[in-house]
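Student: Quick one: structure below, then a few questions.
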Amino acid sequence: MSSTSTFKVRPATLRDAKNIAELHNNTARESFKSLLSDAAMPLPPVEKRLSFWREAIEYSEPQVFVVLDADKVIGFVGFDRSRDKGTPPTMGEIWAIYVAPQFWGKGAGLALWDAAREGLQEEGCTHVTVWVPLASDRAVRFHELAGFKRELNSAKTVSLGSAKIEEIRLKRALN
């Protein structure tokens with residue numbers, strides 16, 4: 001998977017936080033549509049997401065980058081050191097990566113992944129993980145095309161409102 005993207009990626013600013021929060025909810029709804037009914041999908045209010053992303057951008061935890069089409073934010077990635085217990089300090093993690101559905105398959109996600117990979121390498125990370133819903137074929141396929149491999153013993157069930165989702169951790173080297 002190599003980048004031939006013409007999308008511009010840059011670090012997020014506080015001005016981007018509202019767009020990121022709205023994009024996060026809208027894209028999560030679309031991403032999980034095949035996994036959950038609308039009734040079972042308890043998305044946090046945009047104001048709560050906005051608070052989270054403002055704080056993340058302000059304190060760089062996680063680092064947040066946005067991808068633009070012209071001057072419009074169409075996707076974002078949050079990345080930092082791994083939050084998983086017992087991982088070495090050289091293990092990074094993609095905390096979130098979302099692209100507006102109308103840009104799926106057009107290179108915006110790849111542009112975000114490239115930026116996150118470079119950012120993690122600059123932080124001294126040698127490997128990276130990401131948690132992905134096992135039933136989300138699109139997300140699993142994207143990460144596998146980017147060189148991630150499934151960690152088979154990592155599967156876990158997480159609650160998303162009243163629904164239960166199986167997630168699996170994928171991992172790859174950053175070289």
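Student: How many residues does segment 57-84 contain that are within 15 Å of Pro11 (Cβ to Cβ), within 16 Å of the chain's Cα centre (by Cα), not in a strand (DSSP E or B) and not acidic (Asp, Glu)?
Tutor: 3
Student: Just checking: which of the strands (runs of 3 or more DSSP E) contained wholly in segment 95-175 hold 2 or more residues that are under 14 Å from Ser82 (Cβ atoms) and among the charged types (D, E, K, R)?
Tutor: Strands (runs of 3 or more DSSP E) meeting the threshold: 163-173.
Student: Of the conditions (1) surrounded by 14 or more Cβ atoms within 10 Å (Cβ to Cβ); (2) under 28 Å from Lys72 (Cα atoms), Ile168 clears all except one; give me its number.
Tutor: So the condition that Ile168 fails would be (2).
Student: Are any residues in segment 21-63 at pLDDT 90 or above, crowded, with 20+ Cβ neighbours inside 10 Å and out of contact with any Phe, Trp or Tyr (no Cβ under 7 Å at 6 or more places or on another chain), and if so, which ones? Show your work before the answer.
Tutor: Going residue by residue through segment 21-63, those that are at pLDDT 90 or above are 21-24, 47-63.
With the extra rule that they be crowded, with 20+ Cβ neighbours inside 10 Å, the set shrinks to 21, 23-24, 49, 53, 56-57, 62-63.
Once the filter is applied, which keeps residues that are at pLDDT 90 or above, crowded, with 20+ Cβ neighbours inside 10 Å and out of contact with any Phe, Trp or Tyr (no Cβ under 7 Å at 6 or more places or on another chain), segment 21-63 yields Arg49, Trp53, Ala56, Ile57.
Student: For Gly75, only one of the following conditions fails: (1) crowded, with 19+ Cβ neighbours inside 10 Å; (2) more than 23 Å from Lys164 (Cα to Cα); (3) modelled with pLDDT under 90. What is its number?
Tutor: (3)
The values are calculated or read from the model by the stated rules, or taken from the named source; none is laboratory data. Note that the structure is predicted; figures quoted are calculated from it, not measured. Virtual Cβ from ideal backbone geometry, glycine too; neighbours counted across all protein chains shown.
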